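Structure first, then comments.
The values are calculated or read from the model by the stated rules, or taken from the named source; none is laboratory data. Bear in mind the structure is a predicted one, so any value in this text is a computation, not a measurement. Cβ coordinates were reconstructed from backbone atoms using ideal geometry, including for glycine residues, and neighbour counts include every protein chain displayed.
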Amino acid sequence: MARVSRMSRPEIDSGRVRQHFSNHAGDYDRYAVVQKRVVEGLLERLRAAGAVTGPVLEVGAGTGVLGLKFSAAYPRLPLVISDLAHGMTRHAAGVVSGAMPLDADARNLPFRDHGFGLLLSSSMYQWVTDLPQAFGESARVLRPGGRFALALFGEHTLCELRDAHRQAVAECGCSRGSHVQSFPTLDAVQAAMSGAGFADVQVETVFEVERHADVPDLLRSLKKIGAQNASSDSPAGLASRRVMQRMMEIYRERHAAAGQIPATYQVIYATGVVR
């Protein structure tokens, strides 16, 4: 299996990811507006791809939104749901009746080789730094002809927030890193899929926009779904009050309309088949 080098993103602390999402399992469904749209988009693409075979593994099950909808559409296929965050796994287990739940790390899946016919994942792989390694694990647990179908957030996600924060830091003469998570590029996703040995790789991007009353409302929403920066180089503690105030001013000045601010998400959908 060919390997491609890890994309130049800061290392993501999986312990922080686990803690963030476990802590907010109860809040996630209320605030994860775009993530629910992504689930629908992924299922639409899966249906268009043709016949689906099992067993099926979902990596990054979250609160069970995708697993529940998938099991309703394909009730005869055995489904395993997994998540790095134990709080999410427990929550999903109570939602997706009949599925087998367990905690699992996408970088080191606890399954035998060639055991699944389909691997599904929605809004998770952006939290993995080494996509070639993780996608290699996905290929390993799929049987020949098995399909990998996923959706994740790309580099332009939360671009308004990132740009406003960068400008505020520059204006205030600070050297603090960004509190906004970095996300993979479209090219990096495609390269990692091909490098992991998938054939018939299809990658596309769609932009989704969520609207909020103001920047604090956006930040609260991100915190409530556990989507906080888990990069190893993220700044400790809160940004200075001056930087945060200026960031909110820049965000409003550049993007506010009709009393709301937009938050853009770049959704990357990808599919591939094990050779």
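Structural remarks
- For S123, the criteria (1) at pLDDT 95 or above; (2) under 26 Å from R47 (Cα atoms) hold in every case but one, which is (1).
- Qualifying position, being over 17 Å from L131 (Cα atoms) and modelled with pLDDT under 90, among P216, P235: P235
- Candidates are the residues of region 73-93 that are small (G, A, S), more than 20 Å from V141 (Cα to Cα) and in contact with a strand residue (DSSP E or B) (Cβ under 9 Å, 6 or more places away or on another chain); the one that is surrounded by the fewest Cβ atoms within 10 Å (Cβ to Cβ) is A93.
- Candidate set from region 157-186 (those that are under 30 Å from G50 (Cα atoms) and either surrounded by fewer than 21 Cβ atoms within 10 Å (Cβ to Cβ) or touching a Gly at 6+ places or on another chain (Cβ under 8 Å) (or both)); member that is modelled with the lowest pLDDT: F183
- For region 136-154, the candidate set comprises residues that are more than 17 Å from the chain's Cα centre (by Cα) and part of a strand (DSSP E or B); within that set, the residue that is surrounded by the fewest Cβ atoms within 10 Å (Cβ to Cβ) is P144.
- Members of region 126-154 that are of a type in the set (D, E) and modelled with pLDDT of 95 or more: E137
- Within region 250-266, at least one residue is surrounded by fewer than 19 Cβ atoms within 10 Å (Cβ to Cβ), at pLDDT 95 or above and among the polar types (S, T, N, Q).
- Members of region 84-136 that are touching a Pro at 6+ places or on another chain (Cβ under 7 Å), hydrophobic (A, V, I, L, M, F, W, C) and in contact (Cβ under 8 Å) with a residue 60 or more places away in the chain: F116, L131
- Every residue from region 104-135 that is part of a loop (DSSP other than H, G, I, E, B) and under 18 Å from the mean Cα position of the chain (by Cα): A104, A106, R107, L109, S123, M124, V128, T129, D130
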